[in-house]
Amino acid sequence: MSNKIAVFASGTGSNFDAIMEACDKGTLNADVTLLVSDKINAAVIEKAQKRNVDTVVFNPKSFENKAEFEKALLADCQARDVEWIILAGYMRLIGSTLLEAYPKRIINIHPSLLPAFPGKDAIGQAIDKKVKVTGVTVHFVDDGMDTGPIIAQEALSISEEDTKDEVRRKIQAVEHQLYPQVIQSLLIKEEAK
Ligand code: GAR
């Protein structure tokens, strides 16, 4: 039986696509039943619609607080029997409503070797520090900013000649391989319990 997952994303959705392609190939035994976005114009929304994935798009400012919109998102997830929440470029801290409903079931990918360069523009932060090695981290989500327990990391070399776009391309090439693999390994571990 495939595992029902929701993807939360605010951006272009290249990781969403990588997850969908892994599902299509059968290397990821999951069924993406929902795409949630907090950005009305995010390109990921059209990607999800093209693939006939249900979308929930919300404006956080239309809600009184985080707990209110997370209650609505929780209802959307529960209505579709979502078992895992996969953050793929969702640029918002997760609050207690979702964390308590999905303990150790919310996963994030971040474009640095955490704990280095948490938060926004991790790629820019790494370039500014002139690091020679950066990478990608997949971690469980807690209430901090990119602070949850690390599940997997992959390093890659960058050089001072690399533009920001080149570094992003290198990072995303790693992300698109790593994220579906890590999600699949978590699903297998959970099934074996
Ligand atoms: C990805 O590189 C992901 O690691 C990053 O946002 C990008 C989304 O790209 N996430 C964070 O920075 C989280 N703190 P995508 O929309 O093309 O998948």
Notebook entry, point to check: residue 166 passes all but one of (1) without any contact (Cβ under 8 Å) to a residue 24 or more places away in the chain; (2) touching a helix residue (DSSP H, G or I) at 6+ places or on another chain (Cβ under 8 Å); which number fails?
Noted result: (2)
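Select, from 147, 134, the only residue that is farther than 17 Å from residue 183 by Cα and assigned to a strand (DSSP E or B). Outline the logic, then answer.
Working: 147 fails: assigned to a strand (DSSP E or B).
None of the others qualify; the one that does is 134.
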Next item on the list: Would you check which residues across segment 150-166 are more than 17 Å from residue 119 (Cβ to Cβ) and part of a helix (DSSP H, G or I) and list them?
Entry: 165, 166
Check: Based on what the data block shows, is residue 142 modelled with pLDDT of 95 or more and in a loop (DSSP other than H, G, I, E, B)?
Finding: yes
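Would you check if residue 32 is without any contact (Cβ under 8 Å) to a residue 40 or more places away in the chain, buried (at least 20 other Cβ atoms within 10 Å of the Cβ) and not hydroxyl-bearing (Ser, Thr, Tyr)? I'd like the intermediate steps shown before the answer.
Working: without any contact (Cβ under 8 Å) to a residue 40 or more places away in the chain: yes; buried (at least 20 other Cβ atoms within 10 Å of the Cβ): yes; not hydroxyl-bearing (Ser, Thr, Tyr): yes.
For residue 32, the condition - without any contact (Cβ under 8 Å) to a residue 40 or more places away in the chain, buried (at least 20 other Cβ atoms within 10 Å of the Cβ) and not hydroxyl-bearing (Ser, Thr, Tyr) - is met.
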Check: What number goes with the only condition from (1) within 13 Å of the ligand (Cβ to nearest atom); (2) under 22 Å from residue 95 (Cα atoms) that residue 70 does not pass?
Finding: (1)
Note to self: List the residue pairs whose Cβ atoms are under 8 Å apart, where the first residue sits in segment 70-90 and is farther than 14 Å from residue 54 by Cα and free of Cβ contacts under 8 Å to residues at least 24 places away in the same chain, the second is of a type in the set (A, V, I, L, M, F, W, C) and open to solvent by less than 20 Å² (accessible area, probe 1.4 Å), and the two are 6 or more positions apart or on different chains.
What the structure shows: 72/58
Check: Of all the residues that make up segment 168-193, how many are β-branched (Val, Ile, Thr) and either open to solvent by 90 Å² or more (accessible area, probe 1.4 Å) or outside any helix (DSSP H, G or I) (or both)?
Finding: 1
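Can you tell me how many residues within segment 82-112 are within 12 Å of the ligand (Cβ to nearest atom) and in a loop (DSSP other than H, G, I, E, B)?
Let us first name the residues in segment 82-112 that are within 12 Å of the ligand (Cβ to nearest atom), namely 86-94, 107-112.
Keeping just the survivors that are in a loop (DSSP other than H, G, I, E, B) gives 88-94, 111-112.
Residues flagged as within 12 Å of the ligand (Cβ to nearest atom) and in a loop (DSSP other than H, G, I, E, B) within segment 82-112 amount to 9.
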Check: Of 87, 99, 113, which residue is of a type in the set (A, V, I, L, M, F, W, C), out of contact with any Leu (no Cβ under 7 Å at 6 or more places or on another chain) and open to solvent by 40 Å² or more (accessible area, probe 1.4 Å)?
Finding: 113
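The values are calculated or read from the model by the stated rules, or taken from the named source; none is laboratory data. Predicted, not measured: the structure shown is a model, and the values here were computed from it. Virtual Cβ from ideal backbone geometry, glycine too; neighbours counted across all protein chains shown. SASA here: full protein model, heavy atoms, side chains in, ligands and nucleic acids out. Shrake-Rupley method; radii C 1.70, N 1.55, O 1.52, S 1.80 Å.
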